[in-house]
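Here's the structure, in structure tokens; my notes come after.
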Amino acid sequence: MDSLKLSVYGFLRGLRDSIAGFVLIFRYDADAPEKPRSSPTKETNLAKRRAAQQAEKKQKQTLQKELVLDTKVIHRVLQCCILNGVVFGLSLVFFNYMLLPGLKQALSLFLDERAGSVWLYVRPTLTAVFNMLWVLPLFVLSRIINTIWFQDIADSAYRQRQGRPQLIGSISKLVADVLISIFIQLLFLIQANVLMLLPLVGIGVMLSGIHMCMLNALYAFEYRWFNMGWELYKRLSFIEENWPYFMGFGLPLAIITMYPSSVYVSGCLFALLFPVFIISANEADPVLNYSGYQLQLFSLVVGVSNRIIQILVKRHPPPTPSKTQHSPYHSASSAATSKTQHSPYHSAGSHPTRR
């Protein structure tokens with residue numbers, strides 16, 4: 001019973017923390033710490049005064065650069081709103097709820113009884129042309145731009161609240177960590193969609209929804225954990241150990257994005273609201289799950305990714321065996337490229353330090 005209460009409490013705290021970003025986001029630039037400005041001292045010596053003026057000029061330039069970084073949060077959020085809400089979102093609304101009904105009404109005025117049969121061919125044709133020439137290119141372009149802006153928002157927010165990011169030390173490990181993380185998230189998304197197809201009434205939707213809650217929470221918190229220097233399997237282990245909190249945190253975004261039938265509308269809503277959840281994750285203090293039960297939803301996709309990497313390594317061995325470079329799997333599982341498969345979560349150093 002105590003475990004159930006703690007799980008419910010963690011779920012509700014995660015739900016509360018996820019929507020807190022809608023309020024916290026307006027405090028970022030207002031609460032940005034003011035940088036101390038030193039006043040120039042009066043010097044009688046001309047050389048000292050010139051040196052002081054040059055030092056002050058350099059200091060002002062540095063302060064301006066830092067101020068630009070610190071005030072990027074609201075600026076980037078507004079840009080996301082304009083791109084995803086105004087340009088992309090309103091274009092979909094205009095086409096589906098204004099242009100198409102207007103054309104249908106015009107056809108009914110000119111063609112009378114034949115308007116219905118003609119409209120059956122006109123509407124899908126117009127929709128296909130609109131999606132191909134406008135929606136799809138804009139969707140792809142917005143995804144690329146949003147990726148850059150989301151990173152800017154996360155870095156600026158982390159810098160204001162936590163200080164300088166502590167990234168993964170090795171460049172090769174950092175790149176491998178990012179690529180493998182994207183691959184695992186893609187496999188996990190496929191796993192969630194497959195569960196949606198289960199022929200059990202309500203069960204498939206519920207299981208897929210749980211997966212999407214965890215995936216959305218991982219999306220939001222990964223920026224913060226990455227800036228903290230956490231490697232991939234440490235992030236996955238932490239989110240699985242404390243699943244009640246992260247399930248509650250990802251619930252609002254999962255409901256909003258799973259409801260629309262159109263992938264374009266769902267992507268637009270996600271890109272429009274996701275910056276707020278980045279802010280929420282940056283400010284959140286996750287509730288730890290002391291029940292000891294770990295919800296290992298990522299185990300399957302991690303095993304698949306490990307297997308694929310093992311096959312690729314066997315087919316394309318390193319050119320210099322004496323200087324083998326280990327992938328991020330070694331830091332968490334110590335066996336990603338070996339023949340023996342171990343659990344990627346229960347090796348030494350894989351569990352995060354309780355904060």
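The values are calculated or read from the model by the stated rules, or taken from the named source; none is laboratory data. Treat the numbers as computed from the prediction; the structure is a model and nothing was measured. Cβ atoms come from the backbone with ideal geometry, glycine included; neighbour counts cover every protein chain shown.
Working only within segment 107-121, note down all residues that are touching a residue at least 12 places away in the same chain (Cβ under 8 Å) and among the charged types (D, E, K, R).
Answer for segment 107-121, where residues must be touching a residue at least 12 places away in the same chain (Cβ under 8 Å) and among the charged types (D, E, K, R): there is none.
Could you check, for segment 60-80, whether at least one of its residues is loosely packed, with under 14 Cβ neighbours inside 10 Å and at pLDDT 90 or above?
Scanning segment 60-80, I find no residue that is loosely packed, with under 14 Cβ neighbours inside 10 Å and at pLDDT 90 or above, so the answer is no.
Which of (1) within 24 Å of I279 (Cβ to Cβ); (2) assigned by TED's automatic domain parsing to the domain that holds V302 is the odd one out, the single condition I203 does not satisfy?
Of everything listed in (1) within 24 Å of I279 (Cβ to Cβ); (2) assigned by TED's automatic domain parsing to the domain that holds V302, I203 misses just condition (1).
Inside segment 171-193, can you point out the residues that are surrounded by 14 or more Cβ atoms within 10 Å (Cβ to Cβ) and at pLDDT below 90?
Answer for segment 171-193, where residues must be surrounded by 14 or more Cβ atoms within 10 Å (Cβ to Cβ) and at pLDDT below 90: K173, L174, A176, D177, V178.
Kindly state which helices (runs of 4 or more DSSP H) lie completely within segment 66-163 and contain at least 1 residues that are of a type in the set (S, T, Y).
90-94, 100-111, 115-130, 136-161
Listed here are the residues, each with its yes/no results for (1) of a type in the set (K, R); (2) under 29 Å from C80 (Cβ atoms); (3) free of Cβ contacts under 8 Å to residues at least 40 places away in the same chain; (4) outside the structural domain of L189 (by TED's automatic domain parsing).
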residue: E241; (1), (2), (3), (4): no, no, no, no
residue: F249; (1), (2), (3), (4): no, yes, no, no
residue: M258; (1), (2), (3), (4): no, yes, no, no
residue: S266; (1), (2), (3), (4): no, yes, yes, no
residue: I278; (1), (2), (3), (4): no, yes, no, no
residue: A284; (1), (2), (3), (4): no, yes, no, no
residue: L295; (1), (2), (3), (4): no, no, no, no
residue: L300; (1), (2), (3), (4): no, no, no, no
residue: V313; (1), (2), (3), (4): no, no, yes, no
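So which residues in segment 169-188 are of a type outside the set (S, T, N, Q) and farther than 19 Å from A281 by Cβ, if there are any at all?
Listed by number, the residues that qualify are G169, I171, K173, L174, V175, A176, L179, I180, F183, L186, L187.
Given the structure, is F188 assigned to a helix (DSSP H, G or I), under 15 Å from the mean Cα position of the chain (by Cα) and not basic (K, R)?
yes
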